[in-house]
Amino acid sequence: MKPIRLMSGFFTVGVWTLLSRVLGFVREVMILSLIGPGPLMDAFVAAFRLPNMFRRFFAEGAFNAAFVPMFAKRLEGDEGAARFARDAFNGLGLVVLVLTALGMIFMPGLVWATAEGFAGDARFDLTVGFGRIVFPYILFMSLAALFSGILNATGRFAVAAAAPVLLNIFVIGALTIGALSGGAVINWLIWAIPLAGVAQLALTWYAAAQAGFKLVPGRPRWTPEMRDMVRIALPAALASGVMQINLVVGQLVASQYDNAVSWLFAADRLYQLPLGVVGIAVGIVLLPDLSRRLRAGDDAGARTALSRAAEVSLSLTIPSAIALIVIPLTLVSVLFERGASTVDDSAAIATAVTIYGLGLPAFVLQKILQPLYFAREDTKRPFYFAVVAMVVNAALAVGLAPVVGWLAPAIAATVAGWAMVALLALGARRYGDAAKFDDRFHKRIWRIVGASLIMGAALWFVNLQLTDLLALAWWRGLGLLLLLSVGAAVYFGAGQAMGAFRLADFRKAVRRGG
């Protein structure tokens, strides 16, 4: 895959992810305004996090880390890719079906283990009830992740990237109907989630069939290929499990404070926008590309792909991080402050956004560095690194809580993120030049940082000038759009002038992505 083709893949996934995240913002704005931070939203967040946690553990973490490189190599060499995909589909389906049944049976224990602070108040029973409705989402989404892996490995990025949009469409529709009908909005919200999972699975299943991989349920087979996949997946599962433990530790600490789970959830959604659009998109495209290049012995091409992935992702991530740090309250108040969400909620969420902004480049760099290991079917060392990051996260989250209160999980996540990046970068040295950034990257990264700092100064100044406009209820959205437009113009202008990037490369990639 040539660099411009690789970039077009990033932009294809990124555009669809951006649409999903924008609709996700609409979703979160509606949830915060119609339900608001409090017991109901805390219970929803804790319940919805359960299937998402296991989905990342089984599907996006362990399974994709093992399945995508193995499938991509078989696809490249015409070595029974369809048979391998069918066996993986049946095996994953059985495992996740059993997990779903156990989760629904032992839901009270899961809630206690992940939100112990809810015990003894109304949030606990609410979370258990919500959890049993939304938990089947893991079954649909895990299988959808398999089909998405097939589509990504075959270069069909658009459908796999578009599937998550369905969740937001279903939830927004349900919230709208609930609000207009005068019913309990939370009930419409909860039931929309498993229905969206069915729709996402149906879409990716059909697209994979159109791509030549028509898979139907069958009896799982324990083959040497499945044994090898499990051998590779197990360390990745443990690594993903460690990351999910970090989330659980954060939620356990936050559950001790009123509204903190809701505040951190809202802040998380804000920084997840650039992380999803850039970091996740790059990781999705980079893993199968590196796997194919390494199989072909193209170390120089692998290095170029890695460097361009890092270059394009950081050229979009670093300015995003600066914006989250410089104007967090403006972003939060315009996006979330309405209805049941108050000024105090905005102030709390904005503080967490600033902290997450400091960690955003680290979260994206992890998505770039991990494929260096997964493409070589090395999942053990990322697990060891994740264990170290887990210890850092737990120690800070628990240790800082008596000092900084509910903000401790955000601080812990940011520091642990940078620790993980340092370990991944140091560990990748053993792979030689193919795992190193090239000279072009080293020349451009500091120019990207410089252009981002210039943009940050412009945002700070213009934000002060627009204070009155941003305070007007019906005009603040226009004010934020104007502020962000000025920031983008300053950044891309400064970046072009300083040689941080060439705007022509972005235009070519967008055209190819289209």
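The values are calculated or read from the model by the stated rules, or taken from the named source; none is laboratory data. Because the structure is predicted, anything quoted here is derived from the model rather than measured. We place every Cβ from the backbone using ideal geometry, glycine too, and count neighbours over all the protein chains shown.
Can you name the condition, by its number, that SER307 falls short on among (1) more than 23 Å from TRP446 (Cα to Cα); (2) surrounded by fewer than 23 Cβ atoms within 10 Å (Cβ to Cβ); (3) at pLDDT below 85; (4) among the small types (Gly, Ala, Ser)? Among (1) more than 23 Å from TRP446 (Cα to Cα); (2) surrounded by fewer than 23 Cβ atoms within 10 Å (Cβ to Cβ); (3) at pLDDT below 85; (4) among the small types (Gly, Ala, Ser), SER307 violates only (1).
When the range 377-403 is examined, which residues are found to be under 30 Å from LYS73 (Cα atoms) and part of a helix (DSSP H, G or I)? Result: LYS380, ARG381, PRO382, PHE383, TYR384, PHE385, ALA386, VAL387. Evaluate the range 307-323: report whether one residue or more is farther than 30 Å from PHE71 by Cα, more than 21 Å from the chain's Cα centre (by Cα) and of a type outside the set (A, V, I, L, M, F, W, C). No, that holds for no residue.
Taking first residues from the range 36-50 that are buried (at least 24 other Cβ atoms within 10 Å of the Cβ) and among the hydroxyl-bearing types (Ser, Thr, Tyr) and partners that are modelled with pLDDT of 80 or more and assigned to a helix (DSSP H, G or I), no Cβ contact under 7 Å between residues at least 6 apart in sequence or on separate chains turns up. Output yes when any residue across the range 170-189 is within 17 Å of the chain's Cα centre (by Cα) and part of a helix (DSSP H, G or I), and no when none is. No, the range 170-189 contains no residue that is within 17 Å of the chain's Cα centre (by Cα) and part of a helix (DSSP H, G or I).
In this structure, LEU329 does not satisfy being part of a helix (DSSP H, G or I), touching a Phe, Trp or Tyr at 6+ places or on another chain (Cβ under 8 Å), within 23 Å of VAL26 (Cβ to Cβ) and not charged (D, E, K, R). Among the residues of the range 133-152, is any out of contact with any Gly (no Cβ under 6 Å at 6 or more places or on another chain), surrounded by fewer than 20 Cβ atoms within 10 Å (Cβ to Cβ), among the aliphatic types (A, V, I, L, M) and modelled with pLDDT of 80 or more? Yes; the residues of the range 133-152 include at least one that is out of contact with any Gly (no Cβ under 6 Å at 6 or more places or on another chain), surrounded by fewer than 20 Cβ atoms within 10 Å (Cβ to Cβ), among the aliphatic types (A, V, I, L, M) and modelled with pLDDT of 80 or more.
Might you let me know whether the range 329-343 holds any residue that is closer than 22 Å to ALA412 by Cβ and of a type outside the set (Val, Ile, Thr)? No.
Every condition in (1) β-branched (Val, Ile, Thr); (2) in a helix (DSSP H, G or I); (3) farther than 29 Å from ARG27 by Cα is met by VAL165 except one, and the failing one is (3). If only residues of the range 337-376 that are under 17 Å from LEU306 (Cβ atoms) and at pLDDT below 75 are counted, the one that is surrounded by the fewest Cβ atoms within 10 Å (Cβ to Cβ) is ARG376. Is it fair to say MET420 is outside the structural domain of SER320 (by TED's automatic domain parsing), surrounded by 13 or more Cβ atoms within 10 Å (Cβ to Cβ), in contact (Cβ under 8 Å) with a residue 40 or more places away in the chain and over 20 Å from ARG303 (Cβ atoms)? No: the conditions fail for MET420.
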